[in-house]
Amino acid sequence: EEVYTTLKAEYPDLPIFATICAISVETNNTAQLINAGRQVAEYSDIVGLSIYPYLLGDIGLRGRANPQNLPDNWLSRWVEIDPEKPFAITETAYIAEDLSMPDFGISISGTEEYQANYVERLLYEAQLYNAEFVIWFIVRDYDAFVITIEGFGIEAEAFLIWRDTGLFDEQGRPRPALAIWDSWLTIPQSSAR
């Protein structure tokens, strides 16, 4: 509250926002997260959302990350936190390979097809809700990074959550999702809104 109020007083025309995280290692209770999001949105010019739907255990995606299994309101329930404010996806990605994190009790099957389907649905719904922007968190799989940090004796399991979410695989080859992403970038902005 204090940071937002102070910054708005100094920079009244600058959009200032916090990102609401749609997942938590502490809870799968989406209603609790949405309530927290409402509190954050009060001090935010944009409803910014960080979302990784393959991790949403409360809607039954864990284990099978097919985005066709997302409920109809998977995104709208977040947009509705404050419908009077602009909405943006500040961080997202989707696994294109299986994800196994035994220490965290996570085992999820992912495919390039699932990832492509998610990108298509994400961008369609972002347009539907007039999203200000969408940011894909990891452009290229970071298998090499995981190997490097393990070489330093750092436990890498927590980093696996995004390892295989790139629009390019670990060899730099484009995935099918990239063509979908690129096709949306060619739409003139006035048409996309």
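Filter the GluC sites (Glu not before Pro) in segment 84-189 to those in DSSP coil with at most 11 other Cβ atoms within 10 Å of their Cβ, and list the result.
Counting only loop positions with at most 11 other Cβ atoms within 10 Å, the GluC sites (Glu not before Pro) in segment 84-189 are 84, 155.
Candidates (i) 17.4, 57; (ii) 26.4, 83; (iii) 17.5, 50; which is the computed Rg and Dmax of the Cα atoms in Å?
(iii)
Expressed as a rounded percentage, what relative contact order does the chain have, with Cα pairs under 8 Å and six or more residues apart?
This gives 18 percent for the chain.
By how many nm would the segment from residue 124 to residue 29 lengthen if fully extended, with 0.36 nm per residue of separation less the alpha-carbon distance?
Extra length from residue 124 to residue 29 when fully extended: 31.6 nm.
Calculate what fraction, in whole %, of the accessible area of the chain sits on carbon and sulfur atoms when a 1.4 Å probe is rolled over the protein chains.
Reported share for carbon and sulfur atoms: 53 percent.
With every protein chain kept in place and ligands, DNA and RNA left out, what is the accessible area per residue of segment 1-132? Probe 1.4 Å, answer in Å².
50 Å²
Ranked highest first by the average count of other Cβ atoms within 10 Å around their residues, in what order do 69-75, 181-187 fall?
Output ranking for 69-75, 181-187: 69-75, 181-187.
Suppose each label sits 7 Å from its Cα in the direction of the beta carbon; what would the residue 43-residue 173 distance come out to in nanometres?
4.8 nm
Pull out the extension gain between residue 152 and residue 183, defined as 0.36 nm times the separation in residues minus the alpha carbon to alpha carbon distance; nm, one decimal.
7.2 nm
What's the magnitude of the charge dipole for segment 63-193 around its Cα centre, counting Lys and Arg as +1 and Asp and Glu as -1 at the beta-carbon? Answer in Debye, nearest 20.
Dipole about the Cα centre, nearest 20: 400 debye.
To the nearest 500 deg cm²/dmol, what mean residue ellipticity at 222 nm is calculated for the chain from DSSP H runs of n ≥ 4 alone, each contributing -39,500 (n - 2.57), summed and divided by the residues?
-10000 deg cm²/dmol
Can you bin segment 134-180 into rounded, prolate or oblate? Criterion: square roots of the alpha carbon gyration tensor eigenvalues sorted a ≥ b ≥ c, rounded for a/c under 1.5, prolate for a/b above b/c, oblate for the rest.
prolate
Place +1 on the Cβ of every Lys and Arg and -1 on the Cβ of every Asp and Glu in segment 70-193, take the dipole about the Cα centre, and give the residue among 109, 130, 174 whose Cα lies farthest towards its positive end.
Farthest along the dipole direction, towards plus: 130.
How much net charge surrounds residue 182 when only the other residues with a Cβ under 14 Å from the Cβ of residue 182 are counted, with Lys and Arg +1 and Asp and Glu -1?
For residues surrounding residue 182, the net value is 0.
The values are calculated or read from the model by the stated rules, or taken from the named source; none is laboratory data. Computed from a predicted model, the values in this text were never measured in an experiment. With ideal geometry, Cβ positions are generated from the backbone for all residues, glycine too; neighbour counts draw on all protein chains shown. The protein model used for the area step is the full one, side chains on, heavy atoms only, and it has no ligands, DNA or RNA in it. Shrake-Rupley method; radii C 1.70, N 1.55, O 1.52, S 1.80 Å.
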